[in-house]
Amino acid sequence: MLLNPRQSAFWKHGKVQYWLALRGGKPVGRISAQIDPNLPVGIPEGAGMFGSLDAVDDPEVVRLLIEAAEQWLADQGCTSIFGPCTLDMNDEPGLLVSGADQPAMTLCPWHPPYLGPHVERCGYAGLRDLHNWRLDLKEAPLMSSEGRKRLAERIPGLTSRTPDRGSYARDIAILCDVYNDGWREHWGFIPLNPVDLDGLDVLMKWLVAPEAFRIVELDGEPVGVMLLIPNLFELTAGLSPSPGLAGWPRLVWRALTHRFRSGRIIVVGLVSRLQGTVIGSAIAALMVDELVASQTVLKGEWVEAGWVLENNTALIQILERFRFRRNKTFRIFGKSLDGAMPRQAMETGE
């Protein structure tokens, strides 16, 4: 769904080229190059992306792949390159540079530890680090139901709800609107559209508890959203990439009967007018508390939240309050097409 031109939302507005590296007729690496007219906040005009990067432990393979992507982007008129992103910042951004020993998580890239140094040898510098934060649910300091009720009562007009089974299209549009309003000035932001979440309604109806999707309203206006998706790697554990006649029935049975023990908070949004206010902080804390409490009821074991910018102090403080601990780091690299791009220049767009 991320890569196929007939299914990927990115192909509706961007341009993509894919390559495989072959040795003796066998694939030893892969890469993509992308151009999107909607560049992330903080990325200069004329930048293209690379993504889908993976390779055997051979710097020459990585160099040839990256040079192919760079040449294609230069031919398209791009003056700089950043990534990896599969295929943009709303899908799977960054190269895993810390946490390769952590459990796999839905829509989070995984890379072997040698890949980052190979990329740096090609003249790339780190632009930003994106972090995932893990919470073991038994350690979470949750409010009591009475405490949540008292907090809500101190903010007149505040209500919290989970979507109805028949209203996902409407509520996903609300989620996008609140997210876009709250994050539009942050580094790396690109608008989230309902088409980017195609297929989520099916996932929500069959695999996700209603409590995993929360909308907070103030005087009837949506002001906060939070969405957790299950860790689909639990369904595929122990199965090969080609499950075969024995594996497919096991996968179907797990999908029908499995109770997820882990998940990832992929969307947290608070409207911009409430950010930095006491009410906004209370709403954000209430959303996290309600979500974590519901997952405890569902016998979950742990959740991840991410990605989170390395300098997002306000969100990091809320995560630390609930005893989240940073467990993965994904790095966005950048380079001009005639040499390495200084970190500050890429961050400010200068």
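Candidates are the residues of the range 79-124 that are over 27 Å from Lys12 (Cβ atoms) and among the β-branched types (Val, Ile, Thr); the one that is least open to solvent (accessible area, probe 1.4 Å) is Val119.
Cβ-Cβ distances below 6 Å connect the following pairs, each with a first residue in the range 168-181 that is closer than 19 Å to Pro40 by Cβ, a second residue that is part of a helix (DSSP H, G or I) and open to solvent by 10 Å² or more (accessible area, probe 1.4 Å), and a separation of six or more residues or different chains: Cys176/Pro194; Asp181/Ser272.
Within the range 24-37, the only residue that satisfies the criterion of being loosely packed, with under 12 Cβ neighbours inside 10 Å and in contact (Cβ under 8 Å) with a residue 12 or more places away in the chain is Pro37.
If you filter the range 133-189 down to residues that are over 19 Å from the mean Cα position of the chain (by Cα), in a loop (DSSP other than H, G, I, E, B) and surrounded by 13 or more Cβ atoms within 10 Å (Cβ to Cβ), you find that the one that is modelled with the lowest pLDDT is Met143. For beta carbons closer than 7 Å, sequence separation of 6+ or different chains, a first residue in the range 5-23 that is farther than 18 Å from Asn193 by Cβ and at pLDDT 95 or above and a second that is open to solvent by less than 60 Å² (accessible area, probe 1.4 Å) and outside any strand (DSSP E or B), the qualifying pairs are Gln17/Trp72; Trp19/Leu65; Trp19/Ala68; Ala21/Val61; Ala21/Leu65.
Of everything in the range 318-334 that is open to solvent by 30 Å² or more (accessible area, probe 1.4 Å) and modelled with pLDDT of 90 or more, the residue that is nearest to Leu95 (Cα to Cα) is Arg331. Confirm whether Leu127 is within 23 Å of Asp57 (Cβ to Cβ), touching a residue at least 24 places away in the same chain (Cβ under 8 Å), surrounded by 18 or more Cβ atoms within 10 Å (Cβ to Cβ) and not charged (D, E, K, R). It is false that Leu127 is within 23 Å of Asp57 (Cβ to Cβ), touching a residue at least 24 places away in the same chain (Cβ under 8 Å), surrounded by 18 or more Cβ atoms within 10 Å (Cβ to Cβ) and not charged (D, E, K, R).
The values are calculated or read from the model by the stated rules, or taken from the named source; none is laboratory data. Values in this document were obtained by computation on a predicted structure and should not be read as measured data. Neighbour counts are summed over all protein chains in view; Cβ atoms, including those assigned to glycine, are modelled from backbone coordinates with ideal geometry. Remember, those area values only see protein heavy atoms, side chains included, never the ligands or the DNA or RNA. Shrake-Rupley method; radii C 1.70, N 1.55, O 1.52, S 1.80 Å.
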